1. Can you work out which of the residues in segment B:65-90 that are open to solvent by 20 Å² or more (accessible area, probe 1.4 Å) and in contact with a helix residue (DSSP H, G or I) (Cβ under 7 Å, 6 or more places away or on another chain) is farthest from the other protein chains (Cβ to nearest Cβ)?
2. Search segment B:240-253 for residues being in contact (Cβ under 8 Å) with a residue 60 or more places away in the chain and open to solvent by less than 20 Å² (accessible area, probe 1.4 Å), and hand back the single one that is farthest from residue B:33 (Cα to Cα).
3. Of the residues that make up segment A:5-12, is at least one open to solvent by less than 50 Å² (accessible area, probe 1.4 Å), closer than 30 Å to residue A:213 by Cα and either touching a Pro at 6+ places or on another chain (Cβ under 7 Å) or at pLDDT 90 or above (or both)?
4. Give just the number: which of (1) open to solvent by less than 10 Å² (accessible area, probe 1.4 Å); (2) touching a helix residue (DSSP H, G or I) at 6+ places or on another chain (Cβ under 6 Å); (3) within 25 Å of residue A:156 (Cβ to Cβ); (4) facing chain A (nearest Cβ under 9 Å) does residue B:125 not satisfy?
5. Residues that are basic (Lys, Arg) and either within 27 Å of residue A:161 (Cβ to Cβ) or at pLDDT 90 or above (or both): does segment A:46-53 have at least one?
6. Scanning for something within 13 Å of chain A (Cβ to nearest Cβ) and either modelled with pLDDT of 95 or more or in contact with a Ser or Thr (Cβ under 9 Å, 6 or more places away or on another chain) (or both), does segment B:228-244 turn up at least one residue?
7. So residue B:40 ticks every box in (1) surrounded by 15 or more Cβ atoms within 10 Å (Cβ to Cβ); (2) without any contact (Cβ under 8 Å) to a residue 60 or more places away in the chain; (3) more than 26 Å from residue B:254 (Cβ to Cβ) but one. Which box is left unticked?
8. Have a look at A:83, A:93, A:43, A:28 and point out the one that is more than 24 Å from residue A:190 (Cβ to Cβ), in contact (Cβ under 8 Å) with a residue 40 or more places away in the chain and either open to solvent by 30 Å² or more (accessible area, probe 1.4 Å) or assigned to a helix (DSSP H, G or I) (or both).
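The values are calculated or read from the model by the stated rules, or taken from the named source; none is laboratory data. Please read all numbers here as calculations on a predicted model, not as lab measurements. Positions of Cβ are generated from backbone atoms using ideal geometry, with glycine treated the same way; all protein chains shown enter the neighbour counts. For accessibility, only protein heavy atoms count, side chains too; no ligands or nucleic acids. Shrake-Rupley method; radii C 1.70, N 1.55, O 1.52, S 1.80 Å.
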Amino acid sequence: MDSYDLLFGGGRWWIPLSEGALTTVTIAASGFVLGAIFGSALALMRLGGNAVARRLADIYTTTLRGIPDLLVIYLLYFGGSGALGLIGGFFGATGFIGIPTFATGALALGVVSAAYQAEVFRGAFKAIARGELEAGRACGMSGPAMFRRIVAPQALRFALPGLGNVWQLILKETALISVVGLVELMRAAQVGAGSTRQPFLFYLSAFVLYLVITSISGRLFARAEAICARPYRRA
Amino acid sequence: MTLMTSTRQNEPSAMPLPNDERPKKIEIEGLRKSFGKIEVLKGISLEACQGDVVAILGASGSGKSTLLRCLNFLETPDAGTLSICGERITMPASAKGRMIQVDRQTLIRIRTRAAMVFQSFNLWSHMTVLENVIEAPIQVQRRPRAVCVAEAEAVLARVGLAEKRHTYPAMLSGGQQQRVAIARALAMRPEVLLFDEPTSALDPELVGEVLTVMRSLADEGRTMLVVTHEMGFARHVSSRTVFLHQGLVEEEGPSADVFANPKSERFRQFIRRIEV
């Protein structure tokens, strides 16, 4: 079988590869959203008045940015499995209980990217002109109203370039989750490479697919940035 | 535009009623405010009746901006009594940084009745001119959107910027931005307008257009407190002038009188220094 046949003809390897690519995108998106939720909570803690909360968030962002992501994945996976094993033990189960790899992976990506996203959001908040918040206060807006009407829309705009960066990082990190057995794009390529003995073909295919994903998402972020920048363009 | 033609500078003497029969919009008694160890306001007392245009003058650091910011609680005063458009509050209004006396509803009433115009405009940069103007009426005062839009268009026409309603602030000149900020304040239907050095951030050639709008508001009979360095405005538009020095009222009275016969030597020097 030649390369084309292997991928698109009788080999039909394009199916597991594109399924892997789809898994990569979904897990990256899940991790990104989780990270955005944790990250904005962390950013609020770091910006807020409570010294303990500020310190905790500070420790979190410093630690999580300082340790290898692979370690986080292992800790979550084996820690999660261990905990599940303990609970299982009560009900008579023995041996190793695996926890869902997709959930673990998404959580790991969320936990790690939260540390980066927190910094992005914090910077974005600081970029908002103080006077605009004061104007909100001066006309009687409440804290939540100011957040919704003034802070969030502008912080999002200032955060977009940084968020695009975090997204690209997450996309690459998804490959690490293959170590706990999730079949994403990298793992699918490995499987194909192993069973057909044509590693170059499969890794090249993975390369192309990663490139397609990043260029599409890069373009989407550029579009979003352009839309958000509209009010700030001078005539 | 209204067609009222009252000439402000003559008003105190030309008023048919004595001062105290007009409703008092602002009464300040013994107002004090410190930042850390620095006491910025050392017991200020002041009144503004309906229709008064009070110019607040003073060297930088004299406390004039702080005084204005205390009036709508952008700063919380430490001591004294404030009566703003019918809301009377005796300080201290806060203990350990928490407001104990001024509840949210009172605060909203004060802030919408005494609307603020800032030195640096502070328009919301992600909103169009119209969106800026309708924001507080809709979000804070909860008035119907259609009414707010109609009123916003009227106040924008009033400041000469009706055709800019769908423009973003970044595309406007400083003078235009400040006029939008005035429209934004007017849209809340305030009883008092507070101006915090409204022309100080403007290029000299743009000062005039803002002062023209302010003069027309004064002619309309609006109650205004104006912290300013524009001696022309104080002298010719304001009905009363207050001169602050180191956190105290140094000179105060009808503008025509205080400029003609300053009692305080410091105020005399201040006028000389500014008006050369």
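1. Per the criteria, the residue is B:87.
2. Ranking the qualifying residues of segment B:240-253, first place goes to B:241.
3. no
4. (1)
5. yes
6. No.
7. Failing condition for residue B:40: (2).
8. One residue alone meets the criteria, A:43.
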